[in-house]
Structure formats: C-alpha cells, structure tokens
Amino acid sequence: MLIKILKFVLNPYFIILLLFAVWVLFFDQFNINEHRELNQEYQKMKLKEKYYLDEIYRDSITIEKMKNDPEFVEKVAREKYYFRAEDERIFVIDTTLADSIRK
C-alpha cells in the first residue's frame, strides 16, 4: 500500500501538477489572497450601488413632488435655502455652540 502511494506521489506528472497548483494558488497574479480582496471590493461596490440607487429613487420622488405641488416647492425653498416672503424675517439659530457648551 505504501509503495503504491509513494509511486503515485513520485510520478513526474503528479509532481508537475502539484507545482502548477501551488504556483496558481499562491504566486500567480490572481492568487487566492488577491481574489479574496477583489471579492471584498466587489461587495463594497455593490453596497454603494444600492445606496446610490436608493438616493436616485428618493430624488426622483422629490422631483415629482416639486413638479406637481407648489406648496412642497415653497416648503423646500424655505427649509433648505432660507427663502422668505417680503414681509417676513428669518432667524437662523445655530445649536452647535450650545451643544458644545453642554459637553
């Protein structure tokens, strides 16, 4: 039994195949470690893709609301860009200073 195993292991074709497998798995340009890193990067990119698709969806909903609802346009203009009517005053209160004093 041992002779058969030894004969198989010392076979030149087996040795060449073993060396080739070691070379491809560990020393080649796309070895196991590189392949693992590329898979991790791919997964991160898939997450980013999902995030950006969600953002596009939310923005498209906002755009549709702005096309159809003038009150929503006014709300966004007042909240985001501090637009005001002629007879109004707007006071912007910065809470970051108060929060930093509390800490």
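Nothing in this text is a laboratory measurement; each read-out follows from the coordinates by a stated rule. Keep in mind the model is a prediction, meaning the values are calculated, not measured. When we count neighbours, we look across all protein chains shown, and the Cβ atoms used for this are built from the backbone with ideal geometry, even at glycine.
Quick look at the values:
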quantity: Net dipole in debye of the range 45-86 [+1 Lys, Arg Cβ; -1 Asp, Glu Cβ; about Cα centre; nearest 20]; calculated: 200 debye
quantity: Long-range amide H partners of Phe83 with built H, under 5 Å; calculated: Arg78
quantity: 0 to 90° range, to nearest 10: angle between helix 12-22 axis and the chain longest Cα axis; calculated: 20 degrees
quantity: Dipole of the range 45-86 [Lys/Arg +1, Asp/Glu -1 at C-beta], most positive-end residue of Tyr82, Asn68, Tyr57; calculated: Tyr57
quantity: In degrees, nearest ten, helix 70-81 long axis to first principal axis of the chain (Cα); calculated: 80 degrees
quantity: Cα-based convex hull volume of the chain per residue, rounded to whole Å³; calculated: 275 Å³
quantity: Pair Val24, Tyr51: separation of 7 Å Cα→Cβ label points (nm); calculated: 3.7 nm
quantity: Degrees between helix 32-68 axis and first principal axis of the chain (Cα, 0 to 90, nearest 10); calculated: 20 degrees
quantity: Gained length - Leu10 relative to Glu64, 0.36 nm times residue gap less alpha-carbon distance; calculated: 12.1 nm
quantity: Using alpha carbons only: equivalent-ellipsoid semi-axes of the range 45-86, gyration tensor based, whole Å; calculated: 28, 12, 4
